[in-house]
Amino acid sequence: MAKSIQDILTLIEEKGIQMVDFKMVDINGQYRHVTIPAENFSEDTMKSGIGFDASNYGYAVVEKSDMVFIPDPDTAVVDPFCQIPTLSMTGNAMIIDSPNNRPLPQYPRNIIRAAVEHMRQLGIADTMKILPEFEFYLFDEVYWEVQGNSIGASVDAVQSYWNSGSEGKGVIVPKQKNYHIAKPFDISYECRSEMCMHMKDAGIEINYHHPEVAASGQFEIEPQLGEVVHMADATMMIKYIIHNTALKYGKSATFMPKPIYGEAGSGMHVHMLLLKDGQPVFSDDNGYAHLSQEAHWFMGGLLKHIASLCALTNPSTNSFKRLVPGFEAPVTVGYATSNRSAVIRIPAYAKSPDKRRFELRNPDATCNPYFCYAAILMAGLDGIKNKIDPHANGWGPYDMNLYHLSDEEKAKLQQLPTSLNEALDALEADQDYLTVDGVFPKELLANFIKTKRAECAEMAKIPHPAEFDRYYNL
């Protein structure tokens, strides 16, 4: 049930709240925040908002009006990581106009809401539900340095195989053997359980948590399916909770896609389905994998635009160190049932009509979730509008392990981009599906590409420690 302004005022009084924190999102998908004393919070705060300079958040703001942040009462949650009782809210950025405020088009939360409105205007569906899977590492120590005379990084997880000669208690996990491993080897169980309890308190229902494949501290937390705007907000909060709870337990959490050479990378697989008037759009008992024609067209849209999508779903140079063969990461443009080597996987266990869905396996959590989920929705809608059939386009279904094909057979398959620059090239050439109805402003995409190009150029200048190993004595 939607919260009213009075509900928030009552919550402040009942919980003894002393500070009210407004969490905003920058272009990279990181929280920024502004905090006010609770006694300064009023009904006018909810209506008039908090002024801020959006240009400092990385957006290509072309409007000359002042910006205000309007909190959304439905996102209110007591922040468990503040010693002083603090109520936290996110919301929307608005342009101050006369006589009415209007949404700032470049603000991430406004973009995902615009994508949902576009879907409703098309009449295809009225609700998108998604389920992002959160894979991450927990390290006991992490150091890095990028200086003129020193370049390198080191991490440690006490249960990792590399500590077998020094840990002293024998609680060691062999390389790549961490999947679902139990105590005593699962040394962060309590930490992850507390993470899930905080998520539930924040209104985020959880399916489960468990150890993932990598022996050096990789884990997964999976929430339940939820409405896409709510889940974009939840993605930000889940990452916030994981980072802060890890620190409480003396650990450091990272969503970096490939922090350890030779171990499994961390993705953020996104399951998705559409509903119209409460009825599943993607279900058909007679379709391949019990999916409807609309579901296949939606997949066709994702596969057609997958290269440009990667710029928004995998927006770090490190992302493409994960998207390599051999670690259950997808590299092939295609779809299949229960096949982790294709970029779209249809889970065979989702059998009831209201749960039938598919997952996009390439995204990772370095993305801005609002951009990521909005782009996925816009690509899929483009597929339905244009009836893009994935089978007719040669994208599957691939009901075999694509890693085991011969080199000749693999050469016939379309592959994901192998670098962020390649994905940015694709986004420059293929973005019309994103800018329909102004959902993604062209100025924002241009600025995003410019910013990421500069990031790639800067990273390319830095000598890599492995280059010393390979070239120093030539």
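The values are calculated or read from the model by the stated rules, or taken from the named source; none is laboratory data. Remember, it's a predicted structure, so these values are computed and weren't measured experimentally. As a convention, Cβ positions derive from the backbone with ideal geometry for all residues, glycine included, and neighbour counts pool all protein chains shown.
Here are a few things to note about the model shown:
- Scanning region 1-36 for residues that are basic (Lys, Arg) and either outside any strand (DSSP E or B) or buried (at least 18 other Cβ atoms within 10 Å of the Cβ) (or both) yields LYS3, LYS15, LYS23.
- Search result, residues across region 160-180 that are of a type in the set (Gly, Ala, Ser) and in contact (Cβ under 8 Å) with a residue 60 or more places away in the chain: none
- Region 123-145, residues that are surrounded by fewer than 21 Cβ atoms within 10 Å (Cβ to Cβ) and among the small types (Gly, Ala, Ser): GLY123
- SER55 meets the conditions (1) outside any helix (DSSP H, G or I); (2) closer than 30 Å to PHE255 by Cβ in every case but one. The failed one is (1).
- A residue that is surrounded by fewer than 14 Cβ atoms within 10 Å (Cβ to Cβ) and either in a helix (DSSP H, G or I) or touching a Leu at 6+ places or on another chain (Cβ under 6 Å) (or both) occurs somewhere in region 397-407.
- Where a residue in region 446-466 is at negative phi and its partner, wherever it lies, is polar (S, T, N, Q), with Cβ under 7 Å and at least six apart: CYS456/THR317; CYS456/ASN421; MET459/THR317
- Considering region 113-169, the residues that are out of contact with any Pro (no Cβ under 8 Å at 6 or more places or on another chain), over 27 Å from MET237 (Cβ atoms) and of a type in the set (Ser, Thr, Tyr) include one that is modelled with the lowest pLDDT, namely SER166.
- Breaking point among (1) in contact with a strand residue (DSSP E or B) (Cβ under 7 Å, 6 or more places away or on another chain); (2) within 16 Å of PHE371 (Cα to Cα), for PRO105: (1)
- Index of the failed condition, GLY250 passing every other in (1) in contact with a Lys or Arg (Cβ under 9 Å, 6 or more places away or on another chain); (2) farther than 28 Å from ARG357 by Cα; (3) not in a helix (DSSP H, G or I): (1)
- Test: ILE221 is part of a strand (DSSP E or B) and within 20 Å of GLU359 (Cβ to Cβ): yes
Here is a yes/no grid of residues against (1) surrounded by fewer than 16 Cβ atoms within 10 Å (Cβ to Cβ); (2) of a type in the set (Asp, Glu):
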residue	(1), (2)
PRO71	no, no
ALA76	no, no
GLN83	yes, no
SER88	no, no
ASN92	no, no
ASP97	yes, yes
ASN101	no, no
GLN106	no, no
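- Matching residues, region 1-46, being of a type in the set (Lys, Arg) and either within 27 Å of the chain's Cα centre (by Cα) or within 30 Å of ASN447 (Cβ to Cβ) (or both): LYS3, LYS23, ARG32
- Summed over region 142-182, residues that are part of a loop (DSSP other than H, G, I, E, B) and either more than 27 Å from the chain's Cα centre (by Cα) or within 21 Å of ALA246 (Cβ to Cβ) (or both) total 22.
- Of residues in region 408-432 being hydrophobic (A, V, I, L, M, F, W, C) and surrounded by fewer than 17 Cβ atoms within 10 Å (Cβ to Cβ), the one nearest to MET378 (Cα to Cα): ALA429
- Restricting region 49-64 to residues that are at pLDDT below 70 and either surrounded by 20 or more Cβ atoms within 10 Å (Cβ to Cβ) or small (Gly, Ala, Ser) (or both), the residue that is farthest from ALA446 (Cα to Cα) is VAL61.
- Within region 75-114, the residues that satisfy the criterion of being in a strand (DSSP E or B), in contact with a helix residue (DSSP H, G or I) (Cβ under 8 Å, 6 or more places away or on another chain) and among the aliphatic types (A, V, I, L, M) are VAL77, VAL78, LEU87, MET89, ALA93.
- Scanning region 203-245 for residues being surrounded by fewer than 23 Cβ atoms within 10 Å (Cβ to Cβ), out of contact with any Pro (no Cβ under 9 Å at 6 or more places or on another chain) and within 19 Å of VAL142 (Cα to Cα) gives a total of 2.
- Scanning region 310-335 for residues that are among the aromatic types (Phe, Trp, Tyr) and farther than 19 Å from GLY396 by Cβ yields a count of 2.
- Residue pairs meeting the criteria (Cβ under 6 Å; at least 6 apart or on separate chains; first over 14 Å from THR337 (Cβ atoms) and surrounded by 20 or more Cβ atoms within 10 Å (Cβ to Cβ), in region 279-304; second of a type in the set (Val, Ile, Thr) and at pLDDT 95 or above): GLU294/VAL281; GLU294/ILE384; TRP297/ILE384; TRP297/ILE388; PHE298/ILE384; GLY300/ILE388; GLY301/ILE388; LYS304/ILE388
- Failed criterion for LYS251 (all others in (1) surrounded by fewer than 22 Cβ atoms within 10 Å (Cβ to Cβ); (2) out of contact with any Leu (no Cβ under 6 Å at 6 or more places or on another chain) hold): (2)
- Across region 351-364, the qualifying residues are those that are touching a helix residue (DSSP H, G or I) at 6+ places or on another chain (Cβ under 9 Å) and surrounded by fewer than 24 Cβ atoms within 10 Å (Cβ to Cβ), and the one among them that is nearest to ALA214 (Cα to Cα) is ARG357.
- Hey, SER419 on the phi < 0 side of the Ramachandran plot and at pLDDT 95 or above or not: yes
- Where GLY168 falls short, out of the listed (1) on the phi > 0 side of the Ramachandran plot; (2) of a type outside the set (Phe, Trp, Tyr); (3) in contact with a strand residue (DSSP E or B) (Cβ under 9 Å, 6 or more places away or on another chain): (3)
- HIS391 falls short on exactly one of the conditions (1) under 20 Å from PHE136 (Cα atoms); (2) in a loop (DSSP other than H, G, I, E, B); (3) not hydroxyl-bearing (Ser, Thr, Tyr), and that condition is (1).
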